[in-house]
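J.: One structure, as structure tokens, below. Some questions next.
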Amino acid sequence: MSGIPHTLLVRLEAFTQSWGSLSAFNNRDSLPRPTKSGVIGILAAADGHDRDEHREDGDDYLPLATLAALKFGVRADRPGALVHDFQTTGGGRYPLRPRDLITDPARADRAAPDLETATGRTFGHIDNPRLTDWYCAPKNIASDPATGNLLANNATRYPQLSDRWYLADAAFLAGFESPDRALLRRLAHRLQEPRRLLWLGQKGCAPTQPLYHGIRPGPLDEVLATTPLLPRSRPAPTTAWLEVPRATNRAHDVHDQPVSYASHQRVRAPRWEERVTLNPPTEQP
């Protein structure tokens, strides 16, 4: 370990990206900039991290606490535009497969009363729609006049509705500061050869440029101030958000310090950051 701070740079650029703070179920918001929890999640996925941190023989991924201790900052080179997408999934007239009752909690809940009557076991509660609206033997099968697909005209699935927000055509430069250069080199290698698929906030938001953008000597604020702007960025000055001690003037708290990514117990804690204005060079190296 070296006592000289170094900063790992991560380029976050995609057609769409989404960085939710209060996202729940079918309502997915997005902040106008990446969150520490979201970008640490990218590093964890690249390192092959298990959400529940249940290690098996041969697992060598870093503990989440090691990644979360890195000092974080992000620069908005191209802020992009917030766009809204209203999505429907699963609607249509076709039979529900039996396995859907197991993998889809909402549908399983709707089917519960009839299953309870048939089996004598307790599954859940439902008033409407009834089981026959969700699962029955396919009948009246005919080709759809528009697509030619075979449809069962006696069974209907109700669609899942969701509101999703994205940042379109945005580009950010995130940085992680540490005196442990070996740790940063390991993470740099993982970003170039990730163990899991990497997304910018939500599945489907694939990066359009390599994530690894170099390791620079120096503290986070100096590196973000001196690293050239990304291509197609708006002219300087640009805005950056830097993680700082709580007592720092103009610091404010944000609730995105990752504690656990466990599927059923995701936990984030508060941390402190400062919003600053930087004037990085425009010429590309």
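J.: Given the residues Pro258, Pro281, Pro228, which is the only one that is assigned to a strand (DSSP E or B) and either within 25 Å of Leu191 (Cα to Cα) or open to solvent by 30 Å² or more (accessible area, probe 1.4 Å) (or both)? Full working, then the answer.
T.: Numbers: Pro281 fails: assigned to a strand (DSSP E or B); Pro228 fails: assigned to a strand (DSSP E or B).
Selected residue: Pro258, the only one of Pro258, Pro281, Pro228 that is assigned to a strand (DSSP E or B) and either within 25 Å of Leu191 (Cα to Cα) or open to solvent by 30 Å² or more (accessible area, probe 1.4 Å) (or both).
J.: Sort through Ser2, Ser30, Ser37 and tell me the only one that's of a type in the set (S, T, N, Q), in a loop (DSSP other than H, G, I, E, B) and either modelled with pLDDT of 85 or more or closer than 23 Å to Arg268 by Cα (or both). Break it down stepwise before answering.
T.: Numbers: Ser2 fails: either modelled with pLDDT of 85 or more or closer than 23 Å to Arg268 by Cα (or both); Ser37 fails: in a loop (DSSP other than H, G, I, E, B).
From the options Ser2, Ser30, Ser37, the qualifying one is Ser30.
J.: Going by the conditions given, is Gly218 touching a residue at least 40 places away in the same chain (Cβ under 8 Å) and on the phi > 0 side of the Ramachandran plot? Don't jump to the end; show me each part of the working.
T.: Details: touching a residue at least 40 places away in the same chain (Cβ under 8 Å): yes; on the phi > 0 side of the Ramachandran plot: yes.
Yes; evaluated as a whole, the condition is true for this residue.
J.: May I ask you to list pairs of residues, at least six apart or on different chains, whose Cβ atoms are under 9 Å apart, with the first in region 29-47 being over 14 Å from Leu173 (Cα atoms) and open to solvent by less than 10 Å² (accessible area, probe 1.4 Å) and the second being of a type in the set (Phe, Trp, Tyr) and outside any loop (DSSP other than H, G, I, E, B)?
T.: Leu43/Phe176; Ala44/Tyr261
J.: Same structure again: Name the pairs whose Cβ atoms lie under 6 Å apart, with the first residue in region 254-268 and farther than 9 Å from Leu64 by Cα, the second in a loop (DSSP other than H, G, I, E, B), and 6 or more positions between them or separate chains?
T.: Asp256/Thr35; Ala262/Arg51; Ala262/Asp52; Ser263/Arg51
J.: Does region 40-82 hold any residues that are of a type in the set (Lys, Arg) and either over 17 Å from the mean Cα position of the chain (by Cα) or outside any loop (DSSP other than H, G, I, E, B) (or both), and which are they? Break it down stepwise before answering.
T.: First, pick out the residues of region 40-82 that are of a type in the set (Lys, Arg): 51, 55, 71, 75, 78.
Once the filter is applied, which keeps residues that are of a type in the set (Lys, Arg) and either over 17 Å from the mean Cα position of the chain (by Cα) or outside any loop (DSSP other than H, G, I, E, B) (or both), region 40-82 yields Arg55, Lys71, Arg75, Arg78.
J.: To continue, here is another question. Scan region 162-220 for residues that are hydroxyl-bearing (Ser, Thr, Tyr) and open to solvent by 50 Å² or more (accessible area, probe 1.4 Å) and jot them down. Working first, answer last.
T.: Our first condition is that a residue be hydroxyl-bearing (Ser, Thr, Tyr); within region 162-220, this holds for 162, 166, 178, 208, 212.
Of everything in region 162-220, those that are hydroxyl-bearing (Ser, Thr, Tyr) and open to solvent by 50 Å² or more (accessible area, probe 1.4 Å) turn out to be Thr208, Tyr212.
J.: Right, here's the next one. Is one or more of the residues making up region 231-252 among the polar types (S, T, N, Q) and either open to solvent by 70 Å² or more (accessible area, probe 1.4 Å) or touching a helix residue (DSSP H, G or I) at 6+ places or on another chain (Cβ under 7 Å) (or both)?
T.: Step one: filter region 231-252 for residues among the polar types (S, T, N, Q), giving 233, 238-239, 248-249.
Subsequent filtering for residues that are either open to solvent by 70 Å² or more (accessible area, probe 1.4 Å) or touching a helix residue (DSSP H, G or I) at 6+ places or on another chain (Cβ under 7 Å) (or both) retains 249.
Yes, there is a match, as at least one residue in region 231-252 is among the polar types (S, T, N, Q) and either open to solvent by 70 Å² or more (accessible area, probe 1.4 Å) or touching a helix residue (DSSP H, G or I) at 6+ places or on another chain (Cβ under 7 Å) (or both).
The values are calculated or read from the model by the stated rules, or taken from the named source; none is laboratory data. Keep in mind it's a predicted model, so treat the numbers as computed, not measured. As a convention, Cβ positions derive from the backbone with ideal geometry for all residues, glycine included, and neighbour counts pool all protein chains shown. With ligands, DNA and RNA removed, areas are computed over all heavy atoms of the protein, side chains included. Shrake-Rupley method; radii C 1.70, N 1.55, O 1.52, S 1.80 Å.
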